[in-house]
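Enquirer: If you scroll down you'll find the structure; I have some questions about it.
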Amino acid sequence: MIIPERAEEAYRQCKTILLSNGVPCQFVTAVKLQNPSQRPWVLGNIALATYAKVGGTPWVVADSAAQQELVMGISRAQERGGKRYVVGFVTLFNQEGDFLLLHSKSPVVAWEDYVSGLEELIVDAYHEYENKFGTAETLVIHFHKRPGYKELEAVNNALNHLGRIMPYALLHLNEFSAFRLFDSAHSSHVPQAGLTVNLSRHRALLLLDGRQKGKRNRMGVPNVWDIGLDKRSTMELDEFPRLVTQVQRFAKVNWRGFNARSLPVTINYSKLICDQVLDMGAASWNSIIGNGKLRDKAWFL
């Protein structure tokens, strides 16, 4: 849809109607297209987003592991102020970062209802994955927001309910770490992207927003990701360095744009979905997830 300029209410209404009918959509403002110097980049990003939204896979990161691994991102959206509704959802990826499925439940008012529904949500999502792609040999779960005790309990109950004998890892990905990393040997003091500092066998710092090809195009001190392996995980501790590297690789599979920020897709896509939930409201979200037509498409980009 091409509109003269950004109009929030028109955008919201049109998008809600289309998505509720299972139609992915891409909005473009004429103002953006009228800038000849920016037009090639704008058209490139439009093509990328459109291709992904209709179910295409623009690119993935090669993975040499022989095992079939499922990576699941778990997150939630809560209305601003946290007073009315909570929406839980999970995103599913293979080990190469290819987006597979989005599963969500209807919004609930009480936090207790969200927690009790999380177990069912994970079980349903895994069953659909298994029906389409076969049984996963290993499972990795990324938590976008720091989970509470009840959420972790719901996840463990879901895994026990599945009854599958497979090692699993529960990873906390905290992008607002109190740590900062510096490179005293470089004039900018910004380290190379991908720098990892191990704090213990189950906790590490990862810098995604660092120098690339000798420079960094953003100002300020880059945030550091604080990654922790939850003690409830059954995967061997020796696998933790590989899981940290996987987080770094997942930051390269961001289909938001060719120059998208370095965020793992499990986290970035969760943020984009949160924005959609809060923007459209609970009633519209019900109609979007109810028809199931967009479950395997990255329509939220």
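The values are calculated or read from the model by the stated rules, or taken from the named source; none is laboratory data. Source: prediction; values computed, not measured. Cβ coordinates were reconstructed from backbone atoms using ideal geometry, including for glycine residues, and neighbour counts include every protein chain displayed. Heavy atoms of the whole protein, side chains included, go into the accessibility calculation; ligands, DNA and RNA do not. Shrake-Rupley method; radii C 1.70, N 1.55, O 1.52, S 1.80 Å.
Residues are listed down the side, and each one gets a yes or a no for (1) part of a helix (DSSP H, G or I); (2) modelled with pLDDT of 90 or more:
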site: Pro222; (1), (2): no, no
site: Met235; (1), (2): no, yes
site: Leu243; (1), (2): yes, yes
site: Ile267; (1), (2): yes, no
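Enquirer: Look through region 1-34, keep the residues that are open to solvent by less than 60 Å² (accessible area, probe 1.4 Å) and assigned to a loop (DSSP other than H, G, I, E, B), and return whichever of them is modelled with the lowest pLDDT.
Expert: Ala7
Enquirer: Among all residue pairs at least 6 apart or on different chains, which show Cβ distances below 8 Å where the first residue, located in region 90-118, is within 26 Å of Glu137 (Cα to Cα) and in a helix (DSSP H, G or I) and the second is open to solvent by less than 20 Å² (accessible area, probe 1.4 Å) and of a type outside the set (A, V, I, L, M)?
Expert: These pairs meet every condition: Gly117/Gly88; Leu118/Gly88; Leu118/Glu151.
Enquirer: Find all pairs meeting these conditions: Cβ atoms under 7 angstrom apart; at least six residues apart or on different chains; first residue within region 227-255 and open to solvent by 70 Å² or more (accessible area, probe 1.4 Å); second residue of a type outside the set (D, E, K, R) and assigned to a helix (DSSP H, G or I).
Expert: Here the result reads Arg232/Leu152; Arg232/Asn156, each pair linking region 227-255 to a residue that is of a type outside the set (D, E, K, R) and assigned to a helix (DSSP H, G or I).
Enquirer: Can you tell me how many residues in region 236-258 are over 20 Å from His144 (Cα atoms) and in contact with a helix residue (DSSP H, G or I) (Cβ under 8 Å, 6 or more places away or on another chain)?
Expert: From region 236-258, those over 20 Å from His144 (Cα atoms) are 236-239, 257-258; that's our starting set.
Keeping just the survivors that are in contact with a helix residue (DSSP H, G or I) (Cβ under 8 Å, 6 or more places away or on another chain) gives 257-258.
Residues that pass the stated criteria total 2.
Enquirer: Would you pick out the residues in region 93-114 that are in contact with a Gly (Cβ under 8 Å, 6 or more places away or on another chain) and among the aliphatic types (A, V, I, L, M)?
Expert: Passing the criteria: only Val108.
Enquirer: Among the candidates Ala52, Ala77, which residue alone is surrounded by 14 or more Cβ atoms within 10 Å (Cβ to Cβ), in contact with a strand residue (DSSP E or B) (Cβ under 9 Å, 6 or more places away or on another chain), among the small types (Gly, Ala, Ser) and part of a strand (DSSP E or B)?
Expert: Only one candidate passes the filter, namely Ala77.
Enquirer: What is the residue count in region 128-153 for residues that are in contact (Cβ under 8 Å) with a residue 24 or more places away in the chain and more than 22 Å from His172 (Cβ to Cβ)?
Expert: 7
Enquirer: Considering region 60-74 alone, what residues qualify as being loosely packed, with under 13 Cβ neighbours inside 10 Å and of a type outside the set (Ser, Thr, Tyr)?
Expert: Answer for region 60-74, where residues must be loosely packed, with under 13 Cβ neighbours inside 10 Å and of a type outside the set (Ser, Thr, Tyr): Ala62, Ala65, Ala66, Gln67.
Enquirer: How many of the residues in region 165-198 are over 17 Å from Ala251 (Cβ atoms) and open to solvent by 70 Å² or more (accessible area, probe 1.4 Å)?
Expert: Number of matching residues: 10.
Enquirer: Continuing with this model, one more query. How many residues are open to solvent by 20 Å² or more (accessible area, probe 1.4 Å) and part of a helix (DSSP H, G or I) if we restrict to region 281-301?
Expert: Selection size over region 281-301: 8.
Enquirer: Would you be able to say whether some residue in region 258-273 is open to solvent by 20 Å² or more (accessible area, probe 1.4 Å), in contact (Cβ under 8 Å) with a residue 40 or more places away in the chain, touching a Phe, Trp or Tyr at 6+ places or on another chain (Cβ under 6 Å) and under 25 Å from Val87 (Cα atoms)?
Expert: Checked region 258-273: no residue is open to solvent by 20 Å² or more (accessible area, probe 1.4 Å), in contact (Cβ under 8 Å) with a residue 40 or more places away in the chain, touching a Phe, Trp or Tyr at 6+ places or on another chain (Cβ under 6 Å) and under 25 Å from Val87 (Cα atoms).
Enquirer: Still on this structure, I have one more. Output yes when any residue across region 121-138 is polar (S, T, N, Q), more than 22 Å from Leu272 (Cβ to Cβ), part of a helix (DSSP H, G or I) and touching a helix residue (DSSP H, G or I) at 6+ places or on another chain (Cβ under 9 Å), and no when none is.
Expert: No, there is no match, as no residue in region 121-138 is polar (S, T, N, Q), more than 22 Å from Leu272 (Cβ to Cβ), part of a helix (DSSP H, G or I) and touching a helix residue (DSSP H, G or I) at 6+ places or on another chain (Cβ under 9 Å).
Enquirer: So, of the residues in region 204-216 that are within 23 Å of the chain's Cα centre (by Cα) and in a loop (DSSP other than H, G, I, E, B), which turns out to be surrounded by the most Cβ atoms within 10 Å (Cβ to Cβ)?
Expert: So, considering only residues that are within 23 Å of the chain's Cα centre (by Cα) and in a loop (DSSP other than H, G, I, E, B), the one surrounded by the most Cβ atoms within 10 Å (Cβ to Cβ) is Leu207.
Enquirer: Also, quick follow-up: Name the single residue, out of those in region 35-44 being surrounded by fewer than 14 Cβ atoms within 10 Å (Cβ to Cβ) and free of Cβ contacts under 8 Å to residues at least 60 places away in the same chain, that is nearest to Arg256 (Cα to Cα).
Expert: Result: Leu43.
Enquirer: Next up: Restricting attention to region 43-93, and to residues there that are more than 16 Å from the chain's Cα centre (by Cα), closer than 18 Å to Ser270 by Cα and not aliphatic (A, V, I, L, M), which single residue is modelled with the lowest pLDDT?
Expert: Among residues in region 43-93 that are more than 16 Å from the chain's Cα centre (by Cα), closer than 18 Å to Ser270 by Cα and not aliphatic (A, V, I, L, M), the one modelled with the lowest pLDDT is Gly82.
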